[in-house]
Amino acid sequence: MRVPAVLLPLFLLPQPAFAQVLGGTVLDSVSGKPVVGARVVVLDSAGKGLSAAATGSDGRFSFHLPSAGDYRLRISRIGYPSRITEPIGVSAAVSASLVVRLTSTPISLDTLIVVAAAVEKRPQFLVDAGFYRRQRVGFGHFLTRDEIDKRDPLILTDLLHGMLGVRVTCGGQQRDRAPQGPGSRCTVTMRAANTMFFRGKCNPSVVLDGVLLQPGGTAGGGLSLDDLVNPFNIEALEVYPGPEGVPVQYSGYLSPCGAILVWSRR
C-alpha cells in the first residue's frame, strides 16, 4: 500500500557533496508518539532494498545513501500495516528529512480457552511412605481420603466391599455393605484362601502407619478389622488381596494372605 509521506517543508540543509542523507521519524497517527522498533527499508527506483534500520526510542532513523536519486521507504511494524512512501528526491547538495505517520490496526487472535485442571493435594507423609509410587505400580487397591469420603463408610469393612480378590463376610453371609446394629461383625479374607497353600480362612495382615497391628495367616482369634480402625481416621488405604505387591517390610511370613495398610489422618 503506497501512501504519501509527510515531507517537512522541512529544512533542506546544505550538505557536502558526499552526504546524501535520508532520515526522519515514524509516529503513531493517533497518539503522535514515536513508533519504536519499526523496520525501515530504503528502496531504489526499481524497488530493490538497499539498506534497513530500526527506529530508536525517539522513532527516528537515518540512512547515508550511495548516490543522489529518487528513493522510497517501506516501513513495517507489528500492529501496523506496512507502508511505502512516494518517491523522495535526494541530491548530493541536500539532506531529506520526513515524518511518516502509521495508523495502528488491531490484530485479531484466535479464542484462547484456558482449562484449569484440579491439582491433587498429596500429603507429604504419604509421599515419603511410598504410597503414590506403589499406586502407580498398580498392585492392589488404593483409596485416598477423597475416595473414602465418596463411599461414606460407617465401618472399615464398608470400604472393602466389591474389591476384586477381597471377601467380606458379615454374620456368615457375604454382603455388599455391613449390617447395622448390635452384634454385627464382619470378617475379611483374601483370595489366597483358595490356593494350594492355604485352605479355608486366610486373614490379611493389618498395618497401621507402618506398624504391624495384626499378622496375617490362617490362625484366627484376632480382633475384627472394624475393631482396629475407624474409617473416619483414615487418610489412605492400601489393600493387597495376595502376597504380591505387599511392601517388602511386611511381606513373607507376615503377610502370606495379603495385607491391608492403613495410613491415619494427620
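Distances between placed amide hydrogens fall under 5 Å for LEU98 paired with GLY23, GLY24, THR25, all partners being 5 or more residues away or on another chain.
Overall form of the range 132-173: oblate. Here a/c, set by the Cα gyration tensor axes a ≥ b ≥ c, is 1.5 or more, and a/b is not larger than b/c.
Where a ≥ b ≥ c are the square roots of the eigenvalues of the C-alpha gyration tensor, would you call the range 67-154 rounded, which needs a/c under 1.5, or, failing that, prolate if a/b is larger than b/c, or oblate? Because a/c hits 1.5 or more and a/b exceeds b/c, the range 67-154 counts as prolate.
The accessible area of ASP70, taken with all protein chains in place and a 1.4 Å probe, comes to roughly 90 Å².
Largest accessible area first, the residues THR144, THR85 order themselves as THR144, THR85 under a 1.4 Å probe with ligands, DNA and RNA left out.
Each residue was assigned an accessible area with a 1.4 Å probe, and for SER104 the value is about 60 Å². Sorting PHE232, PHE131, PHE139 by solvent-accessible area of protein heavy atoms yields PHE232, PHE139, PHE131, largest first, with a 1.4 Å probe.
Each residue of the range 258-266 is assigned a 3J(HN,Hα), and the resulting list reads x, 8, 10, 9, 10, 10, 7, 6, 10 Hz, derived from the Karplus form 6.51 cos²θ - 1.76 cosθ + 1.60 (θ = phi - 60°), x at Gly and Pro.
The values are calculated or read from the model by the stated rules, or taken from the named source; none is laboratory data. No experiment lies behind these values; they were computed from the predicted model shown. SASA here: full protein model, heavy atoms, side chains in, ligands and nucleic acids out. Shrake-Rupley method; radii C 1.70, N 1.55, O 1.52, S 1.80 Å.
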